[in-house]
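**Q** Next up is a structure, given as structure tokens.
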Number of protein chains: 2
Amino acid sequence: MDTLQAIFTRRSIRKYTEEPVTQDTVHLLLRAAMVAPSAADQRPWHFVVVRNRDKLQAMGRRMEGCEMLQTAAVGLLVCGDESLEKIKGFWVQDCSACTLTILLAAHARGLGAVWVALYPLEERMRVVREELGIPDNIIPFALVSMGHPDEHLPGEDRFDASRVHREHW
Amino acid sequence: MDTLQAIFTRRSIRKYTEEPVTQDTVHLLLRAAMVAPSAADQRPWHFVVVRNRDKLQAMGRRMEGCEMLQTAAVGLLVCGDESLEKIKGFWVQDCSACTLTILLAAHARGLGAVWVALYPLEERMRVVREELGIPDNIIPFALVSMGHPDEHLPGEDRFDASRVHREHW
């Protein structure tokens, strides 16, 4: 799929069919995630690929507003690791770039996905730590819930001229 | 350009030709930026399009490590606005998704670009505030330096299996 088309037609997809997501596709998404730009190219991230239905359902049940996890084929957890930062204070930006890359790559491959925010929501982070055994020094940043889409939402044009300034504020 | 190809071949480009970037292209990049996902779809962002050579050179001169701005055709400033957040604490993630979208769209259109980090670097933020008149309640987040590329860097495969965990940390 064309890049601009992917950007303009991507939507947050929360309903999935039973069709599994292949290992090859997950590998491709991880490769894509890891070429995202990061501050001083330090790549302060880790990933947990969750396919276990019980775990996905437990997280979906225990975190408010996360019902989509109950039917997700895969949950791709993006974690931040501050110890990998050379210049401190950028891991959130780096992990965000990483997460968006996964969303666009997933959409381009015909999957539906949604960015489930974890950080800085203490309660959601605690649940994910417990369910997936995330150590204290690693920060559960975002969980990408994905599967083959069972809802089809049209692209939106959200251009807002009032947010654009020319040369000077 | 295909989405996966764009993701895998994008590199940080810091050298640009004299060729100008059209208004249409800048408009397309702004439209792309504004469809990036944001927490609760609150879109807590503003943009300043800087084409003025004196301003770009002044910022390039005054900020260490930002020489690329001196030959950039356009500087696209992404700003955060905390007052637009319904759920507090997500504007950095939202602006990061926005910035990465601009980088991928620019690359797909044949431009070269690089994410010049501003936030949370106090000195860089101060310079940009001064040069572009950014008000105190608005946060200069990142400046995308771009132009037609005058360097061509090969794509890299940065996949690192040691960062991938299966089902559980």
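**Q** Filtering segment B:132-152 down to residues that are loosely packed, with under 14 Cβ neighbours inside 10 Å and in contact (Cβ under 8 Å) with a residue 12 or more places away in the chain, which residue is farthest from B:Glu85 (Cα to Cα)? Let's see the steps before the verdict.
**A** Let us first name the residues in segment B:132-152 that are loosely packed, with under 14 Cβ neighbours inside 10 Å, namely B:133, B:135-137, B:151-152.
Adding the requirement that they be in contact (Cβ under 8 Å) with a residue 12 or more places away in the chain leaves B:137, B:151.
On the way: B:Asn137: 13, B:Glu151: 39 Å.
Among those residues, the one meeting the criterion is B:Glu151.
**Q** What do you reckon, is A:Leu103 facing another protein chain (nearest Cβ under 10 Å) and either within 22 Å of A:Gln70 (Cα to Cα) or touching a His at 6+ places or on another chain (Cβ under 9 Å) (or both)?
**A** Here the answer is yes, as A:Leu103 does meet what is asked.
**Q** When B:Met125 is evaluated against the numbered criteria (1) more than 9 Å from chain A (Cβ to nearest Cβ); (2) of a type outside the set (Ser, Thr, Tyr); (3) touching a residue at least 40 places away in the same chain (Cβ under 8 Å); (4) surrounded by 15 or more Cβ atoms within 10 Å (Cβ to Cβ), which criterion, by number, is the only one it fails?
**A** Going through (1) more than 9 Å from chain A (Cβ to nearest Cβ); (2) of a type outside the set (Ser, Thr, Tyr); (3) touching a residue at least 40 places away in the same chain (Cβ under 8 Å); (4) surrounded by 15 or more Cβ atoms within 10 Å (Cβ to Cβ) one by one, B:Met125 breaks only (3).
**Q** Would you tally the residues in segment A:91-100 being crowded, with 24+ Cβ neighbours inside 10 Å, free of Cβ contacts under 8 Å to residues at least 60 places away in the same chain and facing another protein chain (nearest Cβ under 7 Å)?
**A** Selection size over segment A:91-100: 2.
**Q** With respect to A:Ala58, is the statement that it is more than 10 Å from chain B (Cβ to nearest Cβ), in contact with a helix residue (DSSP H, G or I) (Cβ under 7 Å, 6 or more places away or on another chain), farther than 24 Å from B:Arg158 by Cβ and assigned to a helix (DSSP H, G or I) true?
**A** Considered against the rule, which asks whether it is more than 10 Å from chain B (Cβ to nearest Cβ), in contact with a helix residue (DSSP H, G or I) (Cβ under 7 Å, 6 or more places away or on another chain), farther than 24 Å from B:Arg158 by Cβ and assigned to a helix (DSSP H, G or I), A:Ala58 comes out as yes.
**Q** Turning to a different aspect of this structure: Taking segment B:1-43, which residues are under 27 Å from A:Ala161 (Cα atoms), touching a Gly at 6+ places or on another chain (Cβ under 9 Å), more than 7 Å from chain A (Cβ to nearest Cβ) and without any contact (Cβ under 8 Å) to a residue 60 or more places away in the chain?
**A** Result: B:Pro20, single match.
Readers should treat all values here as calculations from the given coordinates under stated rules, not as data from a laboratory. Here the structure is a predicted model, which means the values were calculated and not measured. Ideal geometry is used to build each Cβ from the backbone, glycine not excepted, and the neighbour counts take in all protein chains shown.
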